[in-house]
Each structure stands twice: as C-alpha cells, then as structure tokens.
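The values are calculated or read from the model by the stated rules, or taken from the named source; none is laboratory data. Keep in mind that what you see is a predicted model, and the values were worked out from it rather than measured. For neighbour counting, all protein chains shown are included, and Cβ atoms are generated from backbone atoms with ideal geometry for every residue, glycine included.
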Amino acid sequence: MPELIISRDGPIGRVVFSNPAKHNAMSYDMWAGLPRALQDFDADRAVRLVVLEGAGDKAFVSGADISQFESQRTDADAQARYNAAVEAAYQAPQQCGKPVLARIRGICMGGGLGLAAACDLRFCADDARFRMPAGRLGLGYNVAGVRRFLQVLGMQNTLDVFFSARIFDAAEALRMGFVTRVEPAARLDAAVDAWCDSVAANAPLTLRALKRTATALLRDPDDREMAAVEAAIAACYASDDYREGARAFMEKRPPVFKGA
C-alpha cells in the first residue's frame, strides 16, 4: 500500500516514501500528505531538522504513480487538482522553516528528482541513479519546477538533464552540484546521522533565520519579505539561545539550545 511513514527520531523528523512494489512511486495521497507532515514537524519544537527518504534500498522516489493517471487526471479539473497537490509537495521542503535533507538510495527520477531538488541538501549512496524523463513523456514541466532546477544545477546542467532525459550516476550528480555528499551505500546512514547530529546541536533560531534568508534571496525578495528576514535575524540576538551560546563559549562547554 502506498503511504508516507512519518516518525520522530529524537530531534530528527523522518518522512519515508513507501511504495516498494513501484520503487516508491508517489500516489496522490502521498503527494497530498507531504505538506501536512512537514508543517507538523515545523510546529514541533522538539524537531530540529527533517530527513526525507525512500523505503528500502532500491529507490528514493521513482516518480509519480502513473497507474493513477486515468483515475486521478480524468478531466481538466482533476488534472489541476493533481498538479496542485504535486506542486504543494515540491514547495513544502522550502516552506518548512527547518533544514530538510534528502537521503537518496537507488532510483531518484522524475518526481523523485523534483522532490530531491526542493530539499535544502541531498546526500546519496554511490548506487544512486538520477533522471528527468519529461522529454520522454511529452509533458510540459512547470515554471516553478524549472526554476528550482536552475537554482540547484545552473543553466547548462538543467538543460542537459532535461534535453537528454538521460540517466546519470552519483559521481556526476556530485560534479554537477546536485548532491552534497556521496557515500558508499554501507556508510550512508552513518554519514546522514552524523550530519543530523551536528545540525541538531546548533541554535534552531539561527538555522531558521539562515534558511529564510537564503530562500528569500533566491526569489528577488520584496521589501516585506526582507523585513521578515531581518526580523528573523534580530530574533536570534534577542534570544536566550544567543546568551547561552556566549556563556557556553566562555565556559568551554557545548551549548544547550532551546530554540527561544
């Protein structure tokens, strides 16, 4: 049964895309459920960051579950509803105020590539395989989606990946800057856990302010958005965590941050 498996592992929120029979292809309910899961993690002060991953070791996400197209995209209204759910899922990692990491094993193609591109960072195993097959399916990729790829891959790599619809491996994904880290499959979990531990130990308000700043700057922000960014930065300096960080530094001990 296609589903999202949602759990909290200490300070880490986890969302597992589970549809193993179809290499974790995304059903409509999975697309629709992702924004809610990330909103809940964003509101949970105990959660410091979120990891998105696929069930098993064969795939992150292979794309949309094409078998649902006849039932879920039967007319213009149904098509619009389905596309809106997909785009909301793509936007959810960026709208989440906390860091969102994609942990990638095996197949990461189509909608899976789009989901990974929407995350803040991507770590993958050396067995990962990537592809954007839009050109083979005859679909028009929307403007917001192309913009996300341009921000991650740049113009040349985006055009290459879309024009050719070719499969590329983990080493090339690293060269293009799509992934931050490539690890042997047996060491991927340890690398992800170590990175998550380091992030979770840092001041939550600082992380939130940084993400808000970076996201705004990529969008050519207006005055209202920049005012919100400046307010988030100012909140760091007004926080108890800022004072705790200074005390911990002077006392030569690890800081204990509370997100306030």
Q. List pairs: first in segment 221-232 and under 15 Å from Lys211 (Cα atoms), second in a helix (DSSP H, G or I) and among the hydrophobic types (A, V, I, L, M, F, W, C), Cβ under 8 Å, 6+ apart or cross-chain?
A. Pro221/Val229; Glu225/Ala216; Met226/Ala216; Ala228/Ala216; Val229/Ala209; Val229/Ala216; Ala232/Leu205; Ala232/Ala209
Q) Quick check: anything in segment 82-101 touching an Asp or Glu at 6+ places or on another chain (Cβ under 8 Å) and under 23 Å from Ala186 (Cα atoms)? A) yes
Q) Of all residues in segment 1-23, which are surrounded by 14 or more Cβ atoms within 10 Å (Cβ to Cβ) and within 18 Å of the chain's Cα centre (by Cα)? A) Glu3, Leu4, Ile6, Arg8, Pro11, Ile12, Gly13, Arg14, Val15, Val16, Phe17, Ser18
(Q) List the residue pairs whose Cβ atoms are under 9 Å apart, where the first residue sits in segment 142-162 and is under 21 Å from Gln94 (Cα atoms) and free of Cβ contacts under 8 Å to residues at least 60 places away in the same chain, the second is in a helix (DSSP H, G or I) and among the hydroxyl-bearing types (Ser, Thr, Tyr), and the two are 6 or more positions apart or on different chains. (A) Ala144/Tyr90; Gly145/Tyr90; Val146/Thr158; Arg148/Tyr90; Phe149/Thr158; Leu150/Thr158; Val152/Thr158
Q: Scan Ala64, Ala80 and give me the residue that is surrounded by fewer than 18 Cβ atoms within 10 Å (Cβ to Cβ) and not acidic (Asp, Glu).
A: Ala80
Q.
Can you say whether Arg122 is crowded, with 19+ Cβ neighbours inside 10 Å and more than 18 Å from Ile66 (Cβ to Cβ), as far as the supplied structure shows?
A. yes
Q. If only one of Asp65, Asp77, Asp40 is modelled with pLDDT of 95 or more and not aromatic (Phe, Trp, Tyr), which one is it?
A. Asp40
